[in-house]
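The values are calculated or read from the model by the stated rules, or taken from the named source; none is laboratory data. The structure presented is a predicted model; accordingly, all values stated were derived computationally and were not measured. Here the Cβ positions follow ideal geometry from the backbone for every residue, glycine too, while neighbour counts run over all protein chains shown. Protein only, heavy atoms only, side chains kept; ligands, DNA and RNA dropped before computing areas. Shrake-Rupley method; radii C 1.70, N 1.55, O 1.52, S 1.80 Å.
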Amino acid sequence: MKEAPSPGRAAPAAGAVVAPRKFETEDVLAIAHGWKAEGRKVALATVVTTWGSNPRPAGSMLAVDANTQFCGSVSGGCIEGAVIREAMDVIEDGTPRLLDFGVTDTQAWDVGLACGGKVQVYVERLD
Amino acid sequence: MDRSTLDQIVQDKAAGRPVVLAKNLASGHNVLVYPFEKTERSPLLEAAREAAVNDRSASVTAADGTWFLQVFNPPLRMILIGAVHISQPLARMAVMAGYAVTIVDPRRAFATEDRFPGLTVTTDWPDEAMTKLKPNRRTAVVALTHDPKLDDPALLVALKSDAFYIGALGSSKTHAKRKDRMLAAGFSEATFHRIRGPVGLKIGARSPAEIAVSVLAEVIAALHEQSGSLVAPRDASTLPESQVA
């Protein structure tokens, strides 16, 4: 995959003077807010329930735009691909979806959590 | 989620106002709940309050389906006494871990924007700064100057607060002298032992960045001990050699 530019920041034009970048933590909602303000189509994915071993707790978020540029996370990287694919449909039709991932769902989804946990992710369009 | 709800959450976060986003997972309906601003008793408000106090998003089942309560608390805070070398990596690492960091040092040569780009630096005296900052149960205080004239006034204020972590740099010998001073100032031995010293987890840290890792790790452990999610606090000195190397 191509290296994505840092979330929510356009690459500076060649020769541009770059202001010292404020050192800050990644704020997924603020980035999604910025993307929306730029007129981009955005979906938000939120971890709503976890069972067993999970790298990201309930409330963790991922924002993705229609070009699959994304920030944040809903797992240790195991299910982000599938969530982003689903988010493309959500951006298209506007219908929120509640996705289940876990070791028992390997037939329904071609991804699972290696750590053996289960996770439920709510995906919705930012309107 | 509609734009106005997102606008409001972003605004509340900027203002440091705790807010809980209640989302009905069946209907997709969103409601913003302000857990500490109303006293009425409703199951949703009470569940939102509990989630906010525990700083843990959770689901609750009501007559109209399952609601997911997503907590947006103001960030945890870290107050660093001393704009010293260790504070430079520690401040940056703490910001990455989600802390709002304030660096306190009345010595203007240390407390410069150049040394701490993008961070909040104050040159108030530590006791004045601490009194203004009002540390609470979501605040960590770390004294790093090595100088009792600067560290002690901050520690005196910290010990009267609910700060979940208080640490002070210095050897065991330095810490013993600190104990004498704190007891002389009227604190009990138990209260004094809230100060973690020598500061940080034992990982053999030497460089400023390594010491920053050890301090931040200890802060994180203290936070999760407090919330009960740390099952067995673990000291690196008890790890098998293979994991330490």
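Here are the numbers:
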{"read-out": "Identity of the residue in the range B:74-97, open to solvent by 30 Å² or more (accessible area, probe 1.4 Å) and under 30 Å from residue B:1 (Cα atoms), that ends up nearest to the other protein chains (Cβ to nearest Cβ)", "value": "B:96"}
{"read-out": "Residues located in the range B:148-158, provided they are touching a residue at least 12 places away in the same chain (Cβ under 8 Å) and surrounded by fewer than 19 Cβ atoms within 10 Å (Cβ to Cβ)", "value": "B:148, B:156"}
{"read-out": "Subset tally (residues that are assigned to a loop (DSSP other than H, G, I, E, B), closer than 24 Å to residue A:37 by Cα, open to solvent by less than 80 Å² (accessible area, probe 1.4 Å) and within 13 Å of chain A (Cβ to nearest Cβ)) for the range B:1-41", "value": "3"}
{"read-out": "Residue within the range B:51-73 that is facing chain A (nearest Cβ under 10 Å) and part of a helix (DSSP H, G or I) present", "value": "yes"}
{"read-out": "The range B:181-207: number of residues that are over 21 Å from residue B:219 (Cβ atoms) and touching a residue at least 24 places away in the same chain (Cβ under 8 Å)", "value": "3"}
{"read-out": "Count - residues of the range B:111-146 that are more than 14 Å from every other protein chain (Cβ to nearest Cβ) and either open to solvent by less than 40 Å² (accessible area, probe 1.4 Å) or modelled with pLDDT of 95 or more (or both)", "value": "22"}
{"read-out": "Residue B:44 being more than 19 Å from residue B:219 (Cα to Cα) and part of a helix (DSSP H, G or I)", "value": "yes"}
{"read-out": "Set B:114, B:127, B:151: member being in contact with a helix residue (DSSP H, G or I) (Cβ under 6 Å, 6 or more places away or on another chain) and acidic (Asp, Glu)", "value": "B:127"}
{"read-out": "Residues satisfying the stated conditions in the range B:1-25, i.e. farther than 22 Å from residue A:122 by Cα, among the small types (Gly, Ala, Ser) and touching a residue at least 12 places away in the same chain (Cβ under 8 Å)", "value": "B:16"}
